[in-house]
Structure formats: C-alpha cells, structure tokens
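Some notes on the structure that comes next.
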Amino acid sequence: MPNGLSISSRDLRDALIGLVPNAAALLVSSWILAGLEIAHWWWAFAVAAVTAGFDALVRPTLRLIAGFAGAITALVLGLSAQVALITAALVLVPGVYVSGVEAAAQALLLVALLAAVTRWLVGVNDSSYIVADLIRRGESRRRRRGRPVDEDDPCGVVIVQIDGLPYPLLGNGIVSGVLPTLSRWVRSGSHEMTPWWAQVPSTTPASQAGILHGRNDGIPAFRWYEKDTGRLVVANRPDDAATIEARLSDGHGLLADGGVSVSNMFSGDAPTALMVMSRAARRGDLGPGSSYIRFFFSPFVLARALVLTVAEIVKELYQGRQQRVRGIEPRIRRRGSYVALRGLTNVVLRDLNVALVAEHMMAGAPVIYVDFVDYDEIAHHAGVMRPESMDALAGIDLVLHTLQRVADAAPRNYEFVVLSDHGQSQGATFRQLTGRTLEAAVREHSGAASAVAETGDVEGWGPLNALLTDVLATARPKTRRALRRMDRADEAGVIVGPQRSGPADLSERPELVVVGSGNLGLVWFPRLPGRVTVETFTEQHPGLIPGLLTEPGIAFVVADSARGPLVLGRSGVRVLLEDVVEGHDPLSGFGPRAAADLLRVAEMKVAPDLYVHSTLHARTGEVHAFEELVGSHGGLGGWQNQAVLVHPAGWEIDEDLLDRSVPGEEMLYGAGSVHQQLVRWLERIGARRAEPVDGVPGPGRRHLTDTM
C-alpha cells in the first residue's frame, strides 16, 4: 500500500476508541426504543463504524455546497444529513432493524445523551470529542510524513479571550488547581501571566475595539445615546456594531493579514469572520458556511450539544434555588430568559467556537481570535467567585487543553495567548440598595416627565444574537427585513439601531435618557442641545446633582463645566483638567488611575451629560450596578479594571508600552496598548506583515531576540 494511504496500528486503536461510546450508546438505545432492534452487540459497533465512514465520505461534499450557499445551508444540510446518515447506517447493517426515520431520529438523540453521560462518567473531555476526528487525522498525517512541522515555517497564534476574567481570580484559579491547563503553562515556564488595566468604560465593546482595532474613542459605555442622531446605540446589535467598527477601522486591524475572527463583537479587519457582530448583518461578509459543517453535521455532535444544553438549564435552576435556600448574598433573581441563555452560551456556543477554531487551525490560519463568554455571563448573575462561575472558568480551561491537542496535530506550530477584555466586580445592585432604579432617582431629582431607561441586561445575548443573525442573514430578503424590524424599537422617540435618525425636532425627543453600564450610569437630556454643563444644571435642574449625591450607593458624578470636566462628590470636587481637588477628593479610594480614566471618557464627543458612579466598599471592594446584575463591570472599583494577559514566556512586553505613572506598578494601560503589543508580537514571529510607516518598516520587523 502506498505510504500516503498506510494505516498504522495507532490509527486503528484511535478509531476503535472513538467508536466504543457510540456503539455502547446504540446498544442501550436498542433496549429502550421500541422501533430499534440490534440482534447482537457487535452489530452496534458496525453501525457506529458505518456512520463514521459515511461522515468521512459525505462531509467534503456538504462542505463544498455550504461554502457556496452559506451558513443557513450548512445548518439545514447538517441537521438533515445527521438523521439521514444514522437512518442509512441502521438500514444497511445486517442484524439491525429500524422502523423508520422517526425511530432513527429518536436513536440519534438518545445516543447523543448516553454518549455524553458515558464521557462524563469516564472523565473524557467533551471539547475533545467535538474535534476528535480532526485531531486523529492531523496526527496520522504527521506520523505518515515522518517528521515534525518545519521549524522555519512561520508560527501561528491562537488568541483566546476569556470574557470578564479578573487577574486576581486567574491567580486563585492557578493556585487552587481549578485551571489545570493554565496552571501547567505558567508553572512550567512556557507562559507568563501579567495584568493590564482596562480603562473606563471597562466593557467588552470598548476593550475589544481597542484590542482588535487599536482605538476605542467614541465608546463611552456598552450602550449610549447620541444627540446628533437622536439614537440609542447598543454595541451588540449587528447594525450598531457595524457602524462602530466603520468609525474605528483603518483596514489594518489586528487580524487584517489573513486572520480569523470568531464570536467577537468586532472583526479586527479579519478576512474570515464567523459569528462576529459587526459582520453578522452583512451577507457579503459572512463567514463561509463550510466552516459550520463540522458542528452541524458530525454524527451526534449537535444532538449531544442540545442534550447538554437542557442539562445545563436544569443545573442552573438547581443552583439558583440553592442560592435562595442558603441565603447567599448578594444575589439576584436568576430566572426567565437567562436560564436558557446560560445553557446556550455554556454548551452550544462554546462547542461551536471550539469546532470553528479547530477547523481553522487545521487549515493553517496565521492568527485566530476567539471570545468565550461563558464565565462572564454566569458571573453577572451568580457572582464573581461562586461555584457555578468557577465551573464555567474550568470549562474554558478544558477548551484550552483541547486546542493545545489540536495545535499538536496542526500543519503549523501554534502559540497561545490568553487574555480578558476586563475584569469583574461584585455587589448588591443599586435597586437592591435603595429600592428604586437610577432612572427613578434621576426623574425625582430633575423633575423630568418623559424618560427612556435602558438598564436591563443586554450584554449576554450578544453572541447568540450574532450566531442567529449570521445564520439567518442568508435567508430570503423577507426574512432579513423581519430580522431588522426585530432589531429596532421605537420608544418615546428613540430609535434603537442605525437605520434612521431620531426626531429632528428636539421637542419630540424624550426629556431624559438613562442608561446603566455596570456600576457606571449615564444620563442625557436630549432636548438640551450640546453637552449640558454644571452651570446649566444649576439653572434648569438645580436639585439633580445634589439630590443624586445624597442617594445611598452613589459616590460621585462627572459633568462638564466652564473649567472642563468635574468630578463632584458629597464633600468635594476634583477638576480633572487642572488636577485640582477642592475639599475631600471624591476619587479617594478608587485608585491612582481613576482621574485619567474619567478625564478620557468625559472628553469624548459622545459623553453623556452626566456620568453617575456607584460607591465602592472599602473593605470588600464591592460596587453597586445600575443594572440588575450581581457581577458587573463598566466603571471603577474592585476587580473590573484588572484584566489578564497570558503570553509565551519568550515574548517580552516592550518597555516603551508599559505605563509607569503609578509608583511601583508597570503594566499595559488600556486596550490600545494591548493591541500594539499583540501586533508587534505577530509581526516578529511572521504571523503578520509589518506595516511600513512613511516608508520605514514598523518596529515589529525586529526579531524576538532583539528584545530578549
């Protein structure tokens, strides 16, 4: 047999190991389902083998079709093909009887359930199961080639964002053993861990824009009102995300040179963008449907994910009840849509992300950036260090282990960078503390009659929204129009989304707009043109600022004035431009970087008329979100500004990028600095071409050894 087609004993062993769980599950299914009979146990192995063979034969054709027809075709083909494949295998194998397609579909779901339970009992990594065939084929190719990857080939990089992971919690997870993969990397010396400072607003859109595009000016929060257009911009809505990226992108983002962006808010100018919010509504920029085939078509993978999603929902209901029964504080109500959201983000989206990243690693993509939101979403509702949040973090650590296995089988060497976009802080909400919302407090102290409040949780639905839009955007024009209508909301004269401007007549706009972004509140008076100053507030709403500062849970407000932005506290004022404090410093306790952070956002063109910031508990570091979230981020205080950067040990952080404004501390300050460092690393290892500046090659053309 030619060497290229030879099959080793290890290949056979790996294939057999892959068949055992499915064969066992098929056998048990025959005992349970009336429409499925298997004469002898060995026929179950035959069905599993035929299923795997059909998968190998049919998948290339499906991939080709989906590549032309898009993601929705991949979904439809995949679901149909899984049922057809298992039906064909059951019909063709002798000694097996199946009553029809319905029985085959039941068998598919039951096998997925039993195989998932079996793997859980024996401790098999679920993520490895998703890409096991990729890993086996990659390892076989390497063994047949008889030599490792050419070390002279440029190295690829996989950048994994663990959304919302605070640096102190990373340290705890490594020491406690909750994160064995990251612990092994750090303890072995292959990687180093360092914090970086996530500036206000410490939110995903601001940080991802900075990391992926090098800029995040013009993003004052997760959502904000623009007086120029009369719109409320929400960063995780596809059209708004596209508008934001268009404002920031220069075409040379982090992933511009052949990179792949997976499950992010922005593309980083990647040629391939999958489940990326800023690209989701534009069919021409959708990722190829063939990328989804592995997940949508592989036997039992999607069915298993759906089964485990239901299990995750049941687990959430139990854990939420346990918090109530045990009287754990602070806590929030964990019901409604969040229950389903946790199941989808913690299972379906995680598995799909793994499949997409692995697919592009095996294709040799130079740079891949993927965002896992599991921990952030659960920590919002359960708490930063609660058991369910740590379980989600441990699950992402398992993903890193799987991706490392994929890297070992990939056609090029890969290095891993792990980072977070911000940290997260904890505390009772403002409503729990005061008995009312921020909107109610502002209305009372200002006397405003009509108001629009946006203080509900919208962040968690972003990734799922991107997936649905990514898939459904390939549907008929009528369906796409319906999706756009769903993405708009007319309320009190405010249009959500960039499709059209708000009312041109100021009198038709609401008198007040209040937005929550973690423990940072934003207030606009849309009928008052321009930025409203302290002097104007004193004249038109004299009780607003003094009234807010008497509220429990509010530490200070930031407003413009004749002297520039002011931070006003209960017993003092800080003039940010002059760095002068009159009375007691309202930023005392918020850290030495607070003034610089607030000055930056206060000078943005789209800054609110009034920033409202929560108090910070001196001993516990707890803050009070203006959204109903027990874990939050957006402002200052606690761990929310302490983000994570884990990088290969030989990749030193450049001295000129380190901020030394705080004595005794050296760190990357702001997402823009992280972007610069990542670009330099990618250029030095050949994963990205250095962009010349005025005809002179950029600093990234230096070799790594020049900075070691």
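So the values come out like this:
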| read-out | value |
| --- | --- |
| J(HN,Hα) series, the range 329-342, from Karplus relation 6.51 cos²θ - 1.76 cosθ + 1.60, nearest Hz, glycine and proline x | 10, x, 8, 10, 5, 10, 9, x, 5, 4, 4, 5, 4, 4 |
| Likely footprinting exposure, Leu317, Leu668, fewest C-beta neighbours within 10 Å first | Leu317, Leu668 |
| Packing-based exposure ordering (other Cβ within 10 Å, fewest first) of Asp269, Asp374, Asp228 | Asp228, Asp269, Asp374 |
| Neighbour-limited loop hits for trypsin sites (Lys or Arg not before Pro), the range 330-373 (at most 16 other Cβ within 10 Å; DSSP other than H, G, I, E, B) | Arg333, Arg335 |
| Neighbour-count ranking [beta-carbon atoms within 10 angstrom, fewest first] of Glu666, Glu226, Glu388 | Glu666, Glu226, Glu388 |
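Bear in mind these aren't lab numbers, they're just calculated from the coordinates by the rules spelled out. The structure presented is a predicted model; accordingly, all values stated were derived computationally and were not measured. Positions of Cβ are backbone-derived with ideal geometry, glycine not excepted, and every protein chain shown enters the neighbour counts.
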